[in-house]
1. Inside the range 24-54, can you point out the residues that are farther than 20 Å from residue 82 by Cα and either at pLDDT 90 or above or surrounded by 13 or more Cβ atoms within 10 Å (Cβ to Cβ) (or both)?
2. So which residues in the range 1-23 are more than 18 Å from residue 69 (Cα to Cα), at pLDDT 90 or above and of a type in the set (A, V, I, L, M, F, W, C)?
3. Checking residue 103 against (1) in contact with a strand residue (DSSP E or B) (Cβ under 9 Å, 6 or more places away or on another chain); (2) on the phi > 0 side of the Ramachandran plot: exactly one of these is not met. Which one?
4. Output the strands (runs of 3 or more DSSP E) that fall wholly within the range 1-108 and possess 3 or more residues being within 21 Å of residue 131 (Cβ to Cβ) and not hydrophobic (A, V, I, L, M, F, W, C), or say none.
5. Looking at (1) polar (S, T, N, Q); (2) surrounded by 15 or more Cβ atoms within 10 Å (Cβ to Cβ); (3) free of Cβ contacts under 8 Å to residues at least 12 places away in the same chain, which is the one condition that is false for residue 141?
6. Being of a type in the set (D, E, K, R), modelled with pLDDT of 90 or more and either over 15 Å from residue 125 (Cβ atoms) or out of contact with any Cys (no Cβ under 6 Å at 6 or more places or on another chain) (or both) is the requirement here; does residue 79 meet it?
7. Select from the range 72-122 the residues that are in contact with a helix residue (DSSP H, G or I) (Cβ under 7 Å, 6 or more places away or on another chain) and either over 17 Å from residue 2 (Cβ atoms) or free of Cβ contacts under 8 Å to residues at least 12 places away in the same chain (or both) and list them in ascending order.
8. Can you tell me which residue within the range 104-133, out of those that are small (Gly, Ala, Ser) and in contact with a Phe, Trp or Tyr (Cβ under 8 Å, 6 or more places away or on another chain), is surrounded by the fewest Cβ atoms within 10 Å (Cβ to Cβ)?
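The values are calculated or read from the model by the stated rules, or taken from the named source; none is laboratory data. Since the model is a prediction, treat every value here as computed from it, not as a measurement. Reconstructed Cβ throughout: ideal geometry from the backbone, glycine too, with neighbour counts over all protein chains shown.
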Amino acid sequence: MIISVAKANIQKPIEEVLAYLEALDNQTEYNSSVKSAKKREGALEYEISIDLGFFSMKEVYRVIEKRLPHLLLCRCEGKSMAFEDEYLLESNGNSTDIQITDKMELKGLLSWSEPIAHPILKSQMQDNLNRLKSILESRPQ
């Protein structure tokens, strides 16, 4: 299993950060791996297309737990891989401390690539969070 953690402070209130994260189709704006995300009607599920460079997939990404205003837990289960993202938010005055933890399980032959994939995924995850920070902080008050 590959576990990656990224942290940042976003100069926006926690409610605004959570609202943006909760709309998982926004991931196409800041997550370089997510090529498309379409909400399924009536559910907190999204059909997503992911390209990690060494692997591509189309699956369902779902919100499996939401504890307002601090936690959003999402999961995607595929035949060749599964991952779970935990978005932990903490209000810090008018800003928000965010920690995203990604737990990825590569299955079958892909599991052999974990030592190579881990540093790439960790770096990509921090880059994605930095892009998220930039997007949110550039939005007008």
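1. 26, 29, 30
2. 3, 5, 6
3. (2)
4. Of the strands (runs of 3 or more DSSP E) lying wholly inside the range 1-108, those with at least 3 residues that are within 21 Å of residue 131 (Cβ to Cβ) and not hydrophobic (A, V, I, L, M, F, W, C) span 2-10, 34-39, 45-51, 81-92, 95-106.
5. Result: residue 141 fails condition (2) only.
6. no
7. The answer is 72, 87, 89, 91, 96, 98.
8. 113
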